[in-house]
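Reviewing the structure listed below.
The values are calculated or read from the model by the stated rules, or taken from the named source; none is laboratory data. From a predicted model like this one, the values you see are computed outputs, not experimental measurements. Here the Cβ is made from the backbone with ideal geometry for all residues, glycine too, and neighbour counts use every protein chain on show.
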Amino acid sequence: MPAEPAISVRTATAADAEAIAEIYNHEVLHTTATFDIVQRTPALQRDWLAARSGAFAAIVGVDAETRRVVGFAALSPYKDRAAYATTVEDSIYVHRDFHGRGIGKLLLGHLVGVARESGFHSVMARIEASGTASLALHEACGFELVGVEREVGRKFQRWLSVAVMQLLL
């Protein structure tokens with residue numbers, strides 16, 4: 001059996017925009033991992049990357065041999081009111097051809113480290129409630145289910161609920 005690719009994690013750059021958009025757009029078009037229904041162009045993805053910095057910079061997982069971006073992740077402010085400033089929300093997406101190889105866990109572990117080093121107190125994850133792989137990933141990284149928002153989104157002609165998970169740092 002072939003060995004799994006070695007994956008390195010680094011800060012995303014504008015040069016990663018097309019690869020990130022490809023990963024994200026697959027989720028937009030085919031899954032409920034995101035509630036977005038509009039694809040991102042590489043230009044919009046570059047704008048998104050340019051607006052991110054510090055603890056909120058996007059990271060990418062890169063196959064060490066091929067240099068292919070196989071996943072990306074980011075922290076975002078949880079809410080815009082000042083009292084929420086010590087809480088962040090995570091986002092993680094792995095290319096469909098690389099699911100089940102530990103890349104999500106690598107990226108999430110890196111994000112949790114960034115959150116801790118940046119002085120945040122809490123990391124939130126909002127996951128479509130039937131997303132068993134994402135729920136399991138977050139649970140494996142110490143997140144706990146703290147609630148379910150029922151039927152708060154609609155995609156593919158069905159109502160979607162959101163599982164809310166939290167990790168206290």
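The set of residues from the range 79-98 being in a loop (DSSP other than H, G, I, E, B) and surrounded by 13 or more Cβ atoms within 10 Å (Cβ to Cβ) comprises Ala85, Thr86, His95. Put simply, of Ala163, Ala133 the only residue that is of a type in the set (A, V, I, L, M) and touching a Lys or Arg at 6+ places or on another chain (Cβ under 8 Å) is Ala163. Scanning the range 32-60 for residues that are of a type in the set (S, T, N, Q) and more than 27 Å from Thr87 (Cα to Cα), we see that the one that is farthest from the chain's Cα centre (by Cα) is Thr41. In the set (1) surrounded by fewer than 18 Cβ atoms within 10 Å (Cβ to Cβ); (2) touching a residue at least 40 places away in the same chain (Cβ under 8 Å); (3) under 14 Å from the mean Cα position of the chain (by Cα); (4) not in a loop (DSSP other than H, G, I, E, B), the condition left unmet by Ser76 is number (2). Restricting the range 115-131 to residues that are more than 18 Å from Val28 (Cα to Cα) and over 14 Å from the mean Cα position of the chain (by Cα), the residue that is surrounded by the most Cβ atoms within 10 Å (Cβ to Cβ) is Phe120. Do we find that Arg68 is farther than 20 Å from Thr32 by Cβ, over 15 Å from the mean Cα position of the chain (by Cα) and of a type outside the set (S, T, N, Q) in this structure? Taking the combined requirement at face value, the residue satisfies it. Residue under question is Ser134, and the condition is that it be within 15 Å of Ala163 (Cα to Cα), among the hydroxyl-bearing types (Ser, Thr, Tyr) and buried (at least 18 other Cβ atoms within 10 Å of the Cβ); does it hold? Yes. If you check every pair at least six apart or on different chains, which have Cβ atoms under 6 Å apart with a residue in the range 37-50 that is part of a loop (DSSP other than H, G, I, E, B) first and a residue that is of a type outside the set (Ser, Thr, Tyr) second? The qualifying pairs are Gln39/Asn25; Gln39/Val28; Arg40/Ala21. Given the condition closer than 27 Å to Phe156 by Cβ, in contact (Cβ under 8 Å) with a residue 40 or more places away in the chain and in a strand (DSSP E or B), answer yes or no: does some residue in the range 58-69 qualify? Checked against the condition, which is being closer than 27 Å to Phe156 by Cβ, in contact (Cβ under 8 Å) with a residue 40 or more places away in the chain and in a strand (DSSP E or B), the range 58-69 yields at least one hit.
Pick out the one residue from Ala115, Ala163 that is within 16 Å of Thr32 (Cα to Cα), at pLDDT 95 or above and touching an Asp or Glu at 6+ places or on another chain (Cβ under 9 Å). Of Ala115, Ala163, the one residue that is within 16 Å of Thr32 (Cα to Cα), at pLDDT 95 or above and touching an Asp or Glu at 6+ places or on another chain (Cβ under 9 Å) is Ala163.
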